[in-house]
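Structure record follows, encoded as structure tokens.
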Amino acid sequence: QQPVQSPQAVILREGEDAVINCSSSKALYSVHWYRQKHGEAPVFLMILLKGGEQKGHDKISASFNEKKQQSSLYLTASQLSYSGTYFCGTDPSGAGSYQLTFGKGTKLSVIP
Amino acid sequence: NAGVTQTPKFQVLKTGQSMTLQCAQDMNHEYMSWYRQDPGMGLRLIHYSVGAGITDQGEVPNGYNVSRSTTEDFPLRLLSAAPSQTSVYFCASSYRVAGEETQYFGPGTRLLVL
């Protein structure tokens with residue numbers, strides 16, 4: 001079942017922080033976060049595992065809620081290059097990144 | 001490394017025509033997937049493969065076939081194109097080693113079915 005992302009869109013000024021949420025109807029083994037710029041392919045940002053381990057980007061972090069059904073992506077001190085659409089890909093069973101179910105995306109715009 | 005490559009970049013088909021979207025990766029990744037992306041819909045999994053000779057269906061497999069005869073190549077075949085298959089198609093490959101996993105996407109193929 002497709003995860004629900006919120007907000008659908010957000011506008012930030014450079015240096016501001018943002019939080020993007022990804023909610024699933026099932027407890028998750030892992031959540032994978034991607035960023036896609038217009039006309040380009042999605043690019044892997046980070047993976048959040050059920051034990052809280054994170055692997056990926058320096059200035060981006062993520063967390064699970066207690067039930068492991070919602071993940072939040074934290075973007076700190078945003079830069080213009082952070083603009084794009086962010087997708088979460090959920091993996092409830094631990095099958096792996098080749099079998100993800102993606103949300104519809106959150107469009108992030110960073111302005112000077 | 002070229003990473004994940006896809007051909008063609010653009011294609012226009014007439015309803016009922018068939019075609020093959022090519023995908024290749026040179027990273028020796030075990031896992032490969034095909035997604036389609038429609039406006040406002042995110043990415044939806046069509047088929048995936050966990051190794052040469054092994055494929056399985058994803059969320060939206062109808063109208064598509066895949067095969068994986070080598071580790072490098074994972075072509076997607078449209079059997080009889082329909083306007084509903086107008087979309088951007090992304091191929092991806094991934095690895096998984098000791099808790100590390102990363103999925104790399106190809107540049108995409110934009111398909112228009114008239």
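Which strands (runs of 3 or more DSSP E) does the range A:1-110 wholly contain that include 1 or more residues that are within 14 Å of chain B (Cβ to nearest Cβ)? Break it down stepwise before answering.
Working: elements: A:4-6, A:9-13, A:18-23, A:30-36, A:43-49, A:54-56, A:60-64, A:70-75, A:84-91.
Qualifying strands (runs of 3 or more DSSP E): A:4-6, A:9-13, A:18-23, A:30-36, A:43-49, A:54-56, A:84-91.
In the range B:88-114, the residue that is nearest to A:Gln54 (Cα to Cα) out of those that are away from chain A (no Cβ under 14 Å) and buried (at least 16 other Cβ atoms within 10 Å of the Cβ) is B:Leu111.
Determine if the range B:41-55 includes at least one residue that is surrounded by 20 or more Cβ atoms within 10 Å (Cβ to Cβ) and in contact (Cβ under 8 Å) with a residue 60 or more places away in the chain. There is no residue in the range B:41-55 that is surrounded by 20 or more Cβ atoms within 10 Å (Cβ to Cβ) and in contact (Cβ under 8 Å) with a residue 60 or more places away in the chain.
Only one entry of A:Gln36, A:Gln99 meets the criterion of being open to solvent by 10 Å² or more (accessible area, probe 1.4 Å) and under 21 Å from B:Gly58 (Cα atoms), and that entry is A:Gln99.
B:Ser80 satisfies every condition listed in (1) of a type in the set (S, T, N, Q); (2) out of contact with any strand residue (DSSP E or B) (no Cβ under 8 Å at 6 or more places or on another chain); (3) within 15 Å of B:Ile46 (Cβ to Cβ) except (3). Would you confirm whether any residue within the range B:57-65 is buried (at least 16 other Cβ atoms within 10 Å of the Cβ), part of a loop (DSSP other than H, G, I, E, B), more than 14 Å from chain A (Cβ to nearest Cβ) and among the hydroxyl-bearing types (Ser, Thr, Tyr)? Among the residues of the range B:57-65, not one is buried (at least 16 other Cβ atoms within 10 Å of the Cβ), part of a loop (DSSP other than H, G, I, E, B), more than 14 Å from chain A (Cβ to nearest Cβ) and among the hydroxyl-bearing types (Ser, Thr, Tyr), which makes the answer no.
Scanning the range A:34-56 for residues that are of a type in the set (A, V, I, L, M) and within 11 Å of the chain's Cα centre (by Cα) yields A:Leu45, A:Met46, A:Ile47, A:Leu48.
The values are calculated or read from the model by the stated rules, or taken from the named source; none is laboratory data. Model, not experiment: these values are computed from the prediction. Virtual Cβ from ideal backbone geometry, glycine too; neighbours counted across all protein chains shown. Each accessible area value is taken on the protein alone, full model and side chains, heavy atoms only, with ligands, DNA and RNA left out. Shrake-Rupley method; radii C 1.70, N 1.55, O 1.52, S 1.80 Å.
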